[in-house]
Amino acid sequence: MPELIRTRDAALRARAEKVVPGGMWGHLHAAKLPEAYPQFFSRGEGGVLWDVDGHRYVDFMCSWGPNLLGHHHPEVEEAAERQRRDGDCLNGPAEVMVELAELVVDMVGHADWTQFQKNGTDATTTCVTIARAATGRRKILVAKGAYHGAVPWCSPSLLGVTAEDRAHLAYFTFNDVESLDAAAKEAGDDLAGILISAFRHDLGSDQELPTVEFARAARRICDSKGAALLIDEVRAGFRLNAAGSWEGLGVRPDLSAWSKAIANGHALAAVTGADWLRRAASQVFVTGSFWAGAVAMAAAVATLKIVRRDDVPARLAQLGQTLRDGLETRSRQFGLSIRQSGPVQMPTLLFEGDPDYRKGSAFCSAMLARGVYFHPKHNMFLCAAHTEADIAVALEAAEHGFASVAAL
């Protein structure tokens, strides 16, 4: 297997170790990836990126989701630069905020209004706050194992978290109507809302798209109890359906949280909501010093116009299906059993009989050495800048990856 030189990356890790706790932090920590993976990157362009040691990769993580159209998209960056010349962080929002709000409301199926924040945790927390304010209740139902952000009420880590932070959460199993009904019964008359990811994307597990039965059950419970149905679109938003990931199910939420792809790599988040929650949304106190940043909003206007103009979800679905079919065919050639799950626009590949992800790590390390950036246990992302040629490169690298696994 080709060996990648990591001189600059190693030096940066050593420097970071002295001034940043643990060297690096959060879900991007290199220690959670196979040893060969770089931690630091120098630039991205379209569907590829380069690490600080100059190695080039076809990028199937897309900055863990934000790059929907590809790195450094010219139309998006031109719009952002125009706004940057006029101002970004001002005494209040720029005119572009109203244009963006009008565009989001026009595109998103359930949206009668929208508010803007900076990251996904801002948006999910704001949704929960609005639901509680509107209903005067406390209980929020969430799926076991689901990720909705990195603050005490929903963080996957219990370190530094008190029982009181989660006192008003009740849990159900994704796609299990019976467990959802049981959780709603447990919440009783104190149910403020049900928070559900657009699809189940738990780390290291098979991904699950919601069934129609499950989505309708969530809507039924909320309607019968006067509670809010909240969809966490932070990861999936604008990749599966520009009008909302559940539009194809015929079920619309009352509130949705958006981030990642909304501004193609610029920091922005949004909450969209139905009219009956408008008053509560106007009264809750949620804010941030940079929430009215105009550059990201200009980038978002350009991004969403391109999503609609070019039917980006359909393009990603086409590329994703080609990738999925090619991986299945090649894995069989090596006598290997793989599991591909979730939407094809956000592929997840796991190996049968691989509880410690040893096979997945060997596969992804071999691909990385040949210029393709996959992840051994997290869902990946396609972007509109990927080409058929990029998919072909990935499938050629996958043959080396499967060969590495077969040799274990």
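A few notes on this one:
- Annotation: extensible slack from residue 321 through residue 81 equals 82.9 nm (criterion: 0.36 nm per residue apart, minus Cα-Cα distance).
- This ranking places 196, 306 by how few other beta-carbon atoms lie within 10 Å of each, fewest first, which gives 306, 196.
- Percentage relative contact order, the chain, counting C-alpha pairs under 8 Å, at least six apart: 22
- Computed over the chain, the per-residue total of -39500 (n - 2.57) for DSSP H runs of n ≥ 4 gives a 222 nm mean residue ellipticity of -12500 deg cm²/dmol, rounded to 500.
- Taking other Cβ atoms within 10 Å as a rough exposure proxy, 189, 232, 254 sort from fewest to most as 189, 254, 232.
- Qualifying chymotrypsin sites (Phe, Trp or Tyr not before Pro) for region 210-300 [loop in DSSP, other Cβ within 10 Å: at most 13]: 285, 290
- Percent RCO, i.e. relative contact order, over region 324-408, from Cα pairs under 8 Å lying at least 6 residues apart: 34
- Added length on full extension, which subtracts the Cα-Cα distance from 0.36 nm per residue, residue 159 to residue 283: 41.4 nm
- Projected over every direction and averaged, the convex hull enclosing the alpha-carbon atoms of region 74-310 yields 13.1 nm².
- Shape of region 148-211, Cα gyration tensor, a/c cut at 1.5: oblate
- Label separation (residue 3 vs residue 352): 3.6 nm, computed from points 7 Å beyond Cα along the C-beta direction.
- Between residue 173 and residue 310, the C-beta separation translates, for a Förster distance of 51 Å, into a calculated FRET efficiency of about 0.85.
- Relative contact order of region 1-109, defined on C-alpha pairs under 8 angstrom at six or more residues apart (%): 16
- For region 100-117, Karplus couplings with θ = phi - 60° (6.51, -1.76, 1.60), whole Hz, Gly/Pro x: 5, 4, 4, 5, 4, 4, 5, 7, 7, x, 8, 7, 9, 7, 8, 10, 10, 9
- For residue 372, nonlocal amide neighbours, meaning residues 5 or more places apart or on other chains whose placed amide H falls under 5 Å from its own, are 58.
- Burial ordering of 256, 361, 42, 205, fewest other beta-carbon atoms within 10 Å first: 42, 205, 361, 256
- Descending semi-axes in Å of the chain, equivalent ellipsoid built from Cα gyration tensor: 34, 26, 21
- Along the chain, the longest continuous region that contains none of the GluC sites (Glu not before Pro) in a DSSP loop with at most 12 other C-beta atoms within 10 Å is 96-351.
- Under 24 Å of direct C-alpha separation, and excluding same-chain neighbours fewer than eight residues apart, residue 139 reaches these lysines: 185, 225.
FYI, it's all coordinate maths here, none of it is from the lab. What you see is a predicted model, and the numbers here were worked out from it, not measured in a lab. Don't worry about glycine lacking a Cβ; one is built from the backbone with ideal geometry, like all the others, and counts go over all protein chains shown.
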